[in-house]
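Let me begin by presenting the structure, written as structure tokens, before commenting on it.
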Amino acid sequence: MESKLRSGFREPKLVQAKIRQIEKIVTRPWAIMEICGGQTHAIKKFGLDQLLPPQIEFIHGPGCPVCVTSLELVDKALEIASMPNVIFTSYGDMLRVPGSNGDLFTVKANGGDVRVVYSPLDTLKIAQENPQKEVVFFAIGFETTAPANAMCILQAQTLKIDNFSMLVSHVCVPPAIRAILSSPSNRVQGFLAAGHVCTVMGYWEYLPIAQEYRIPIVVTGFEPLDILEGVYRVVRQLEMGTFEVENAYSRLVTYEGNISAQKVIHQVFEVCDRKWRGIGVIPQSGWKLRPEFVKYDAESRFDIQSITTQESSICISGLVLQGLKKPYECAAFGTLCTPQNPLGATMVSSEGACAAYYHYSRNIDVPNVNHV
Amino acid sequence: MCLGVPGKIVEIYEANGLSMGKIDFGGVLREACLAYVPEAKVGDYVLVHVGFALNVISEEEASETLALLNEIVNLDEQVSAQG
Ligand code: SF4
């Protein structure tokens with residue numbers, strides 16, 4: 001089974017055959033967006049963009065939760081984490097995301113109690129062990145982390161853990177796809193939908209989008225063969241002029257998704273407008289806690305003075321996130337901005353496009369790469 | 001964190017009213033919440049996101065997909081051999 005799960009989907013012979021299959025059907029240039037940062041990472045890691053025929057261009061989507069968490073929320077996190085009575089918990093990647101004035105690492109270095117957790121359930125444990133402290137979790141993520149965060153809120157309620165709250169920055173994929181397709185500068189002709197988001201939500205939400213924008217959408221996994229299969233199916237549709245939703249990740253994704261997870265998400269969260277870093281407000285693109293759970297909402301629990309945000313003036317991550325520029329087109333890429341010293345959020349997480357290009361720059365086939 | 005990790009359930013138990021499991025990620029054991037996969041049994045493979053199993057991985061579908069992919073290679077080889 002192990003081999004069926006991983007190495008089977010990396011088998012070089014199959015990878016080559018799939019690429020030949022794509023070569024056979026492609027007759028002209030196509031721009032395909034992989035919405036998910038995990039797929040951007042895999043494409044660069046395995047050099048898939050270099051192996052595919054030159055007609056196929058990947059446009060990297062905004063599907064990295066670390067990258068799109070708004071500067072306002074990062075600044076709020078910094079402010080809450082600096083409070084003396086607070087233990088602030090977060091996934092590791094968020095610690096280096098630059099706010100207007102430093103990052104969570106800076107707060108930690110200055111004596112703040114900032115802790116990295118693997119799961120939000122760890123945060124609940126910390127809250128139980130430290131009843132005299134306020135424990136705040138930075139709840140970022142797409143539909144994949146929402147079931148975990150929602151369950152934690154219900155657990156906090158059941159176990160009467162009152163010193164626990166969340167700074168919520170949930171974002172959803174389908175509204176982002178709509179925003180990209182509605183933009184006058186859009187170049188995307190087909191989508192690889194994010195496989196793991198669909199394991200939770202299913203793929204019924206994409207049917208009206210495919211019809212409305214006349215665009216093929218293929219639910220795609222993360223192994224090299226999964227991605228190539230997704231590309232193959234998108235190209236096949238583009239060449240034939242069809243615009244259907246297909247599922248190329250059937251070992252994990254069903255049409256309806258995980259219903260019990262969806263139920264708990266909707267029990268705890270409700271849809272809201274959400275600001276995406278580098279992009280702006282996308283209507284109805286996020287989740288926030290329902291009013292009945294307001295006591296677990298860090299934004300209302302802590303009195304945060306109005307903050308003024310300041311983005312780096314060189315960073316073009318907004319354009320990178322919208323697929324309008326490639327990371328190497330940024331003047332700071334690999335010089336002023338590196339994963340050790342990121343100017344923008346897309347250089348922090350391994351799912352961010354700038355970091356993926358930096359780490360796997362051997363695969364970048366462009367003349368003016370700053371980083372070698 | 002959108003990249004779920006597949007692992008095998010080695011033990012199922014309850015903690016604080018939640019169904020939990022010990023999951024083997026290629027030799028590393030970690031705890032995960034199984035509340036969203038009530039159908040999961042010991043020995044099943046699940047996809048885990050931030051400490052929560054969200055799906056049981058369909059072994060049947062995985063084999064079928066790989067079989068289809070292998071078929072393509074075989075066809076491809078036959079065509080090249082003829083050509
Ligand atoms: S390389 Fe750095 S500065 Fe340039 S767009 Fe990416 S994150 Fe921003």
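The values are calculated or read from the model by the stated rules, or taken from the named source; none is laboratory data. Just so you know, these numbers come straight off a predicted model, no measurement behind them. Note that each Cβ is placed from the backbone with ideal geometry, even for glycine, and that neighbours are counted across all protein chains shown. For the accessible areas, the whole protein counts, side chains as well, though only heavy atoms, and no ligand, DNA or RNA atoms are used. Shrake-Rupley method; radii C 1.70, N 1.55, O 1.52, S 1.80 Å.
List the residues whose amide H sits under 5 Å from the amide H of A:ILE56, counting only those 5 or more places along or on another chain, with H placed 1.01 Å from N in the peptide plane.
A:TRP30
Through the Karplus equation 6.51 cos²θ - 1.76 cosθ + 1.60, θ set to phi - 60°, convert the phi angles of region A:51-62 into ³J(HN,Hα) values in whole Hz; use x for Gly and Pro.
Working through the residues one at a time gives 7, 6, x, x, 5, 9, 10, 8, 9, 7, x, x Hz.
List the residues whose amide H sits under 5 Å from the amide H of A:TRP287, counting only those 5 or more places along or on another chain, with H placed 1.01 Å from N in the peptide plane.
Long-range HN contacts for A:TRP287: A:HIS170, A:VAL171, A:CYS272.
For region A:98-118 and region A:128-188, compute the distance between their C-alpha centroids and round to whole Å.
19
Anything over 27 Å Cα to Cα? Flag those among A:LYS125/B:LYS22; A:LYS13/A:LYS45; A:LYS76/A:LYS288; A:LYS45/B:LYS41; A:LYS133/A:LYS288, in the order listed. Write down the numbers at each step before the final one.
Values: A:LYS125/B:LYS22 18 Å; A:LYS13/A:LYS45 18 Å; A:LYS76/A:LYS288 16 Å; A:LYS45/B:LYS41 34 Å; A:LYS133/A:LYS288 24 Å.
Result: A:LYS45/B:LYS41 exceed 27 Å.
Only bridges with both residues in the protein assembly as shown count here: give the DSSP antiparallel percent, nearest 5.
Numbers: 33 of 67 bridges.
Of those bridges, close to 50 percent are antiparallel.
In terms of the Cα gyration tensor, with a ≥ b ≥ c the square roots of its eigenvalues, is region A:71-204 rounded because a/c is under 1.5, prolate because a/b exceeds b/c, or oblate? If you can, show how the numbers build up before the last one.
Values: a/c = 2.96, a/b = 1.55, b/c = 1.91.
Note, shape of region A:71-204 comes out oblate.
Which Cys in chain A stand alone, with every other cysteine's Cβ at 4.7 Å or more from theirs?
A:CYS36, A:CYS152, A:CYS172, A:CYS198, A:CYS272, A:CYS315, A:CYS330, A:CYS337, A:CYS354
Kindly identify region A:317-361 as rounded, prolate or oblate by the Cα gyration tensor criterion: order the square roots of the eigenvalues as a ≥ b ≥ c, call it rounded if a/c is under 1.5, otherwise compare a/b with b/c, prolate if a/b is larger, else oblate. Show your work: numbers first, answer last.
Details: a/c = 1.44, a/b = 1.27, b/c = 1.14.
Rounded shape, in that the Cα axes give a/c under 1.5.
From the helices alone, meaning DSSP H stretches of at least four residues, give me the mean residue ellipticity at 222 nm for the protein assembly as shown, per-run term -39500 (n - 2.57), in deg cm²/dmol to the nearest 500.
Values: 18 runs with 167 residues, N = 455.
Helix contribution divided over all residues of the protein assembly as shown: -10500 deg cm²/dmol.
For chain A, what is the accessible area per residue in Å², given a 1.4 Å probe and the full set of protein chains?
With the other protein chains kept in place, chain A gives 38 Å² per residue.
Counting only protein chains, not ligands or nucleic acids, how are A:TRP204, A:TRP287 ordered by accessible area (probe 1.4 Å), most first?
Numbers: A:TRP204 100, A:TRP287 10 Å².
Per-residue accessible area, sorted high to low, gives A:TRP204, A:TRP287.
Any idea which of A:THR69, A:GLN132, A:TYR360 is furthest toward the positive side of the dipole for the protein assembly as shown, if Lys and Arg beta-carbons carry +1 and Asp and Glu beta-carbons -1?
A:TYR360
Take A:ASP303, A:ASP273, B:ASP24 and sort them by solvent-accessible surface of the protein heavy atoms, 1.4 Å probe, largest at the top.
Numbers: A:ASP303 115, A:ASP273 90, B:ASP24 50 Å².
Result, largest first: A:ASP303, A:ASP273, B:ASP24.
Could you pull the accessible area for A:MET151 with a 1.4 Å probe, rounded to 10 Å²?
Accessible area of A:MET151: about 20 Å².
Give the long-range amide H neighbours of A:ASP297: residues separated by 5 or more places, or on another chain, with amide H under 5 Å away, using H modelled in the peptide plane at 1.01 Å from N.
A:MET166
Accessible surface of B:GLU11 in the full protein assembly, 1.4 angstrom probe, to the nearest 10 Å²?
Its accessible surface works out to 80 Å², give or take rounding.
At a threshold of 8 angstrom on Cα-Cα distance, excluding pairs fewer than six apart, so keeping six or more, what relative contact order does chain A reach in percent?
Working: 714 pairs, mean separation 83.1, N = 372.
Rounded, it is 22 percent for chain A.
When only Cα pairs under 8 Å and 6 or more residues apart are kept, what is the percent relative contact order across region A:300-362? Can you show the working numbers first?
Details: 52 pairs, mean separation 15.9, N = 63.
In percent, rounded to a whole number, it is 25.
Could you tell me which of B:VAL56, A:SER349, B:GLY4 has its Cα farthest along the dipole of the protein assembly as shown towards the positive end, charges placed at Cβ (Lys, Arg +1; Asp, Glu -1), taken about the Cα centre?
The one lying farthest along the dipole's positive direction is A:SER349.
How big is the charge dipole of the protein assembly as shown about its Cα centre, in debye rounded to the nearest 20, if each Lys and Arg gets +1 on its Cβ and each Asp and Glu gets -1 on its Cβ?
About 680 debye.
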